[in-house]
Amino acid sequence: MKRYSAFAIAREAASYHEGWEKAWASPEPKARYDVIVVGAGGHGLATAYYLGKNHGVRNVAVIEKGWLGGGNTGRNTTIIRSNYLQDPSAAIFEKARSLYDGLSQDLNYNVMFSPRGCLMLAQSEHEARGWKRTAAANVLQGIDTEYVDAKRVKEIVPIINIDGPRYPVLGALWQKRGGTARHDAVAWGYARACSAMGIDIIQQCEVTAVRQKAGKVTGIETTKGAIDCGKLAIVVAGHSGVLAEMAGFRLPIESVALQALVSEPIKPVIDTVVMANTVHGYMSQSDKGELVIGGGADGFNNYTQRGSFQHVEDTIRALIETFPIISRLKMLRQWGGIVDMTGDRSPILSKTPLGNCFINCGWGTGGFKAIPGSGWAMAELVAKGEPGPLAAEFGLDRFGAGRFVDESVAAGVAH
Amino acid sequence: MLVLTCPCCGAAAEETELAPGGEAHIARVGPGADAEAFEAYLFHRKNPKGVHFERWRHAHGCGKWFHAARNTVTLEVYGTYPAQTPEPPRELLDKIAARVPGFAWEGRA
Ligand SMILES: Cc1cc2nc3c(=O)[nH]c(=O)nc-3n(C[C@H](O)[C@H](O)[C@H](O)COP(=O)(O)OP(=O)(O)OC[C@H]3O[C@@H](n4cnc5c(N)ncnc54)[C@H](O)[C@@H]3O)c2cc1C
Ligand SMILES: [Zn+2]
């Protein structure tokens, strides 16, 4: 792999930039791999990367039915923060956030991580109390957040309307080190780094069956033929239920549509991320100038990557109230992704009823921010066969045991 | 927009009038059931890519619960039927089988 650098640009300029190599190889599948990862979204690619980097497991393939990063990873609104309520969530999300800090250097790929700060508004007494509680929990967890009052909110985001009319802003949970990153670049950066380690990324290859013998996984069947494996990692977000059915078990997961939209590009008006959970909307501004907007998920099962229009209306209504300045903007694009929702709104990183088969899913509406930490923890789980400290509380067994990692209150809105 | 005809009041209800209630026909496990069966009853879901039987409430209408059969890939609605039944009606199952190759009612979860 040729390293990207300022010198490389100068060197390649001498040959009219015709000498750049492909960012990753596109090999045909081998007959067998030590580990097969299903799903080349951020979480699958990061799992493969840390398997290679942290555990020296490099006879690995990542199998993707479409193109890499074309699932939720390439459809999300890229909010990154780690101010969750429960200790296990704070640990894995903060691990991810801190890895994002140095990810561009680590991958030698600019993921455009921009720690521009993330504000979560309090627009009711309950919410204000909730955020104060989270701020206090975050102090104990060693996560840098603070509760700020309405005046400070207005200083941070001058275009915000703090006076209501429906829900005046009372304050906010402010995480200065939260922010955004370029979603495609995260997938591409991990893919390139995986490929450089000799990990095969096989796109346009759909997994159609999971093979097993004596309660253990032995391989998969795909649209490019059968492939054997020692271990299998299922990392397919909205399609987790489909893969679980192939492997012979059920999950506590429902797949629903979540949408986002962007406005026409305008001059810089907002240099942080603002989330308004009570009214269900959030917004940031991309480097291109587009306002990146998201809201709530649909409530019913859906695999179409198209959501209900009334959610777009609700989101826009909420954001126009919060930011009157945007009321005349045209919206450019709108799209959806299929998100994998658990009952406690926390992820699953777990062994499964099938031997040597592991699953990483349930990130639902908020897993982009977790990609590096999730890959780190999943790689450890797959390599060692047992979860490390980051994954330990996110096992499938927590549902039967009633040991939920309850973030449904802490993270009431999609992000 | 999703439109379901409420079998209780007969209204063609738009999505904004309705509240989704998740997978239908989940059989409650008996008092003697083991922990695993209870866990499956509470949490495990079919979440199928295809035909789905589900519960809905006509929340901003007559307020009653009912059942619907829908496709999660094509978003086609096959029909709605009353909540007071442990299984979908035969005609509805036949209609779905005629529309979806390979479809078979698997029975209650
Ligand atoms: C509109 C929207 C906004 C969001 N906003 C945010 C946000 O602001 N912040 C945040 O942190 N998170 C956000 N999220 C959530 C985040 O996008 C996801 O949690 C995360 O991207 C999941 O990554 P993944 O790698 O698990 O899944 P994906 O990126 O979906 O990757 C799974 C891959 O598996 C592949 N696959 C599926 N079935 C098969 C098969 N049979 N064979 C082979 N491959 C298969 C798919 O094609 C896909 O590429 C948002 C999501 C959406 C939809
Ligand atoms: Zn009705």
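The values are calculated or read from the model by the stated rules, or taken from the named source; none is laboratory data. Quick caveat: nothing in here was measured; it's all calculated off a predicted structure. Note: ideal-geometry Cβ built from the backbone for every residue, glycine included; neighbour counts use all protein chains shown. Surface accessibility is based on the protein's heavy atoms, side chains included, excluding ligands, DNA and RNA. Shrake-Rupley method; radii C 1.70, N 1.55, O 1.52, S 1.80 Å.
Points to keep in mind about this one:
- Look at (1) more than 22 Å from residue A:352 (Cβ to Cβ); (2) open to solvent by 10 Å² or more (accessible area, probe 1.4 Å); (3) near ligand 1 (Cβ under 10 Å from one of its atoms) and you find that residue A:176 fails only one, number (3).
- The single condition among (1) in contact with a helix residue (DSSP H, G or I) (Cβ under 6 Å, 6 or more places away or on another chain); (2) at negative phi; (3) at pLDDT 95 or above that residue B:105 does not meet is (3).
- Checking the stated criteria, residue A:18 turns out to be outside any helix (DSSP H, G or I) and outside the structural domain of residue A:261 (by TED's automatic domain parsing).
- Residue check, residue A:295 in a strand (DSSP E or B), crowded, with 16+ Cβ neighbours inside 10 Å and at pLDDT 95 or above: no
- Odd one out for residue A:187, checked against (1) in contact with a strand residue (DSSP E or B) (Cβ under 9 Å, 6 or more places away or on another chain); (2) outside the structural domain of residue A:306 (by TED's automatic domain parsing); (3) surrounded by 22 or more Cβ atoms within 10 Å (Cβ to Cβ): (1)
- One residue stands out among those in the range A:218-242 that are open to solvent by 10 Å² or more (accessible area, probe 1.4 Å) and within 14 Å of chain B (Cβ to nearest Cβ): the one that is nearest to residue A:39 (Cα to Cα), which is A:236.
- Top-ranked residue in the range B:24-52 [being farther than 23 Å from residue B:84 by Cα and of a type in the set (Gly, Ala, Ser); ranked as farthest from the other protein chains (Cβ to nearest Cβ)]: B:32
- All positions within the range B:80-91 that are in contact with a strand residue (DSSP E or B) (Cβ under 7 Å, 6 or more places away or on another chain), open to solvent by 10 Å² or more (accessible area, probe 1.4 Å), within 15 Å of ligand 2 (Cβ to nearest atom) and more than 14 Å from every other protein chain (Cβ to nearest Cβ): B:82, B:83
- Applying a threshold of 6 Å to beta carbon distances and a minimum spacing of six or more residues, or different chains, the list of pairs starting in the range A:307-333 at a residue that is assigned by TED's automatic domain parsing to the domain that holds residue A:263 and ending at one that is among the β-branched types (Val, Ile, Thr) and part of a helix (DSSP H, G or I) reads A:310/B:16; A:327/A:320.
- Residue list for the range B:28-68, filter: more than 10 Å from ligand 2 (Cβ to nearest atom), open to solvent by less than 30 Å² (accessible area, probe 1.4 Å) and part of a loop (DSSP other than H, G, I, E, B): B:47, B:48, B:50
- The range B:1-23: number of residues that are more than 13 Å from the chain's Cα centre (by Cα), within 8 Å of another protein chain (Cβ to nearest Cβ) and buried (at least 18 other Cβ atoms within 10 Å of the Cβ): 2
- Selection status of residue B:82, farther than 19 Å from residue A:297 by Cβ and in contact (Cβ under 8 Å) with a residue 60 or more places away in the chain: yes
- Residue satisfying all of: in the range A:237-262; of a type outside the set (A, V, I, L, M, F, W, C) and outside any helix (DSSP H, G or I); nearest to residue A:400 (Cα to Cα) among these: A:252
- Residue A:25 falls short on exactly one of the conditions (1) open to solvent by 20 Å² or more (accessible area, probe 1.4 Å); (2) in a loop (DSSP other than H, G, I, E, B); (3) out of contact with any helix residue (DSSP H, G or I) (no Cβ under 6 Å at 6 or more places or on another chain), and that condition is (3).
- Filter result for the condition that a residue is at pLDDT 95 or above, in contact with a helix residue (DSSP H, G or I) (Cβ under 9 Å, 6 or more places away or on another chain) and surrounded by 14 or more Cβ atoms within 10 Å (Cβ to Cβ), over A:70, A:56: A:70
- Residue within the range A:263-286 that is open to solvent by less than 20 Å² (accessible area, probe 1.4 Å), part of a strand (DSSP E or B), within 19 Å of residue A:343 (Cα to Cα) and more than 16 Å from ligand 2 (Cβ to nearest atom) present: no
- The set of residues from the range A:191-217 being open to solvent by 10 Å² or more (accessible area, probe 1.4 Å) and touching a Pro at 6+ places or on another chain (Cβ under 7 Å) comprises just one member, A:200.
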